[in-house]
1. Every residue in the range 371-391 that is among the aliphatic types (A, V, I, L, M), open to solvent by 10 Å² or more (accessible area, probe 1.4 Å) and under 18 Å from ALA656 (Cα atoms), please.
2. Looking at HIS380, HIS403, which is the one that is assigned to a loop (DSSP other than H, G, I, E, B), modelled with pLDDT under 95 and not basic (Lys, Arg)?
3. Got a sec? Which of ARG662, ARG714 is assigned to a strand (DSSP E or B), out of contact with any helix residue (DSSP H, G or I) (no Cβ under 7 Å at 6 or more places or on another chain) and farther than 15 Å from LEU733 by Cα?
4. For residues that are over 27 Å from TYR369 (Cβ atoms), touching a Phe, Trp or Tyr at 6+ places or on another chain (Cβ under 7 Å), open to solvent by less than 10 Å² (accessible area, probe 1.4 Å) and among the hydrophobic types (A, V, I, L, M, F, W, C), tally how many sit in the range 517-576.
5. Among PHE431, PHE443, which is farther than 20 Å from ARG658 by Cα, hydrophobic (A, V, I, L, M, F, W, C) and either without any contact (Cβ under 8 Å) to a residue 60 or more places away in the chain or open to solvent by less than 30 Å² (accessible area, probe 1.4 Å) (or both)?
6. Tell me, please, whether a residue that is open to solvent by less than 40 Å² (accessible area, probe 1.4 Å), outside any strand (DSSP E or B), among the charged types (D, E, K, R) and on the phi > 0 side of the Ramachandran plot can be found in the range 259-274.
7. Just the residues that are open to solvent by 50 Å² or more (accessible area, probe 1.4 Å), hydrophobic (A, V, I, L, M, F, W, C) and not in a helix (DSSP H, G or I), please, taken from the range 338-355.
8. Taking only the range 64-107 into account, find how many residues are farther than 22 Å from LYS247 by Cα and exposed (fewer than 15 other Cβ atoms within 10 Å of the Cβ).
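The values are calculated or read from the model by the stated rules, or taken from the named source; none is laboratory data. The shown structure was predicted, so the numbers you read here are calculated from the model rather than taken from an experiment. Positions of Cβ are generated from backbone atoms using ideal geometry, with glycine treated the same way; all protein chains shown enter the neighbour counts. Surface areas here come from the heavy atoms of the whole protein model, side chains and all, with no ligands, DNA or RNA. Shrake-Rupley method; radii C 1.70, N 1.55, O 1.52, S 1.80 Å.
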Amino acid sequence: MKKMFAAALASFISISALAQQPWQKIQLPTAASVQQAWVNPPSEYGPEPYYGLNGAVNQQVIERDLDTMKSLGYRAVTVQASFGMPFAYLSPEYFKFFDMFVEEAKKRDMRVWIVDDAGYPSGFAGGKFTQLKPELRMQALEVAQRISAKTGDTIKAAVGPDTVAVTAVNTAGGKTVTVPVTNDEIAWTAPTGDWTVMVVEHQFKTSPTRSDTNPSHKKDGSQSLEDYMDPAATEQYLEFTHEQYKKAVGDEFGKTILGFRGDEPDYSISGLPWTPKFFARFQQVKGYDIRPYVATFLLPKGTAMTETERRAKADYYDVFSQMFRDGFFKPQGEWCAANHLEYQVHLNHEEMEMELTHSEGDFLRDMKYVEVPGIDTIWHQIWTDTVSDFPRLASSAAHVYGHPRAFTESFAAYRPAPDVTMARYILNEQFVRGVNLIETMYFPASSGGRPLSGYMKDPAYPALLTYVRRMSYLLSMGEPTASVALFIPSSSMWLGDAASDTAFVSTERLLSEHQIDFDIVNEDALTTDLKAGHGTLETMSGNQYRTVIVPSAALISQAALDRLRAFATGGGKVLFLGRTPALIARRTILDARAATTADFAWATVETSAQLPETPTPPAYPPAAPPPPQVIAPAILNAVTSVVGDQDVWLSTPNTALRCMTRRLKDSSVYLFFNESAAPLSDSVNFRNEGENSRQLVEEWDPATGAVSSVVSTRARGAMSVPLKLKPYETRVLMVR
């Protein structure tokens, strides 16, 4: 296991060594040096609008729009080719224009993020895969024929050359029989019962793309995505896009140009994600042939599956997610690092993990090689009437894999549109969960006839962006300090186990409402990517977990279980909450063994009570804030027992307060956020080395840049500071 971690770490070091700019790596400055810079932070820390080059854009338009952005307080810009440009996307004329755009940004000391496609999801290269490389388009497994048969019926039929499996499924009990294919034909006699013969083919099929080069202006399948699981397709994608930018403006890579920005790569298709090398790779990873099972994965939604089929399907998604990471995300992250850039991307369904596990596989696995992991908050995902801890996915990926920043795309298609006050709330909810790079939607080119978003025209908006700039910079400095890891049970969700998702979301809320700073970790992190110490698991950012909580997982791997047992033996705390996993997988989930009580005898187990379900975000219009989470005493006692003494706590418990901490060379930064409509007045306590310990407490005001001393009292190993917060207000304290 040590060799596995060393190999993984060496790979990351070799990649990150190429990226030497300060904003691209973990920094550990003193509070004094941060204070000098935070009044007017470097432009690399944003914020940036998402800027659409729509309409008859020219130099005059660019100059006017960049000046407007700068006057509002933006210091960077995320730019995308859009509808109506006077030149073709990726043409020589486009890149001549883009060179001018970069020069104009450089004159204003602004930084540039390049959207990697002409719309979303990323990976269609403005239609070039459909036009020039159709063989590298996205593919899926689909049922091409369904043939009914009864006892004794002989089915003879021709099947196409793209057939990968033919399976007969008993309509009563779900029993399956593999039907042999000979010379592109089947001849099969049905045994007793009613059967459906399913002919499964691989077909070129894409997630819908919203391309600004699509004449119909519709989100459809006319411009196919690449085959995300094929590294050769991504190599071609990079050649179509990134390499052309490199030829045109590569001299500004890592300077004015910070990186490429991806958007929602996923498999939003009716079939199963597939690539020509999938079956061979599956056999290599899992050791068995998956083809006899694939038809059952394509049965109509709601059809009951056998336990064997359910497990095989989970194996399918495990391999899919590995190939998605290695075929799409990894090549782009490595290309950006080799060119002194960063790759930032967010996925689809971050707030709906059951959906994400089938469209993208595993959030943290996908983000392993991404320098700036991200999420988006659109529609109504974050508001005063929602419970939204999903932004922590992005910051956790950054922490686990040694990156200083996590980004958000905020405010797209919001219903209702936020005003400046609500925009501040939405951003603060993300700041306190570790997100620290802000992109706001949408800033249309003034040539396109579309007005700015309403909140951008508010006179108070520049002050908000000043606040955001300072918060982003401050929260990018230092190291994360979370000592609690929350396990995300993706493999349980591959099994279709919704209860594990419910428990995971509820545990996120429980920890947040009790001011317990935590990161989310997955199986990969537990088994190989975290460095094991004596009772610790250390991230590539340097924070050490001393507690791991596993919330109601149905399945866990033997490798993860062994790592947790060794962690506990060294003094770490492990809590299985709600239920213990029923299955323990080795090489395959198909052959997972039944767990026994002895498998968890070394850990803390609390199964006498269940976590309440977190309410589903409401429909529009906004509703009242969600009611407080009612936690059974047994659950809360179990959590507080394994977490132990906290570094920060309130004198009177209050579930409205959220807290996040980062560590500088000589100080700790604490961000507090009152997520309630009621004011909060209390004392916040910090662990202290003793009554005579010399610690200076300061309040850092991101609105003004002012730093002021705060009166504190010390007694019995703790230091206490008054904490008064208006509704939805933040406060930053620096303990030097």
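1. Restricting attention to the range 371-391, the residues satisfying the condition of being among the aliphatic types (A, V, I, L, M) are 372, 375, 378, 382, 387.
When the remaining residues are screened for being open to solvent by 10 Å² or more (accessible area, probe 1.4 Å), the result is 378, 387.
The one that is among the aliphatic types (A, V, I, L, M), open to solvent by 10 Å² or more (accessible area, probe 1.4 Å) and under 18 Å from ALA656 (Cα atoms): VAL387.
2. Details: HIS403 fails: modelled with pLDDT under 95.
Answer to the selection: HIS380.
3. Result: ARG714 is the single residue among ARG662, ARG714 that is assigned to a strand (DSSP E or B), out of contact with any helix residue (DSSP H, G or I) (no Cβ under 7 Å at 6 or more places or on another chain) and farther than 15 Å from LEU733 by Cα.
4. Number satisfying all stated conditions: 2.
5. Working: PHE431 fails: farther than 20 Å from ARG658 by Cα.
The unique qualifying residue is PHE443.
6. Within the range 259-274, the first condition is being open to solvent by less than 40 Å² (accessible area, probe 1.4 Å), and the residues that meet it are 259-267, 269, 271-274.
Subset that is outside any strand (DSSP E or B): 264-267, 269, 271.
Cutting the leftovers down to among the charged types (D, E, K, R) gives us 264, 266.
After this cut, where a residue has to be on the phi > 0 side of the Ramachandran plot as well, the list is 264.
Taking every residue of the range 259-274 in turn, at least one turns out to be open to solvent by less than 40 Å² (accessible area, probe 1.4 Å), outside any strand (DSSP E or B), among the charged types (D, E, K, R) and on the phi > 0 side of the Ramachandran plot.
7. MET352
8. Residues meeting the conditions: 3.
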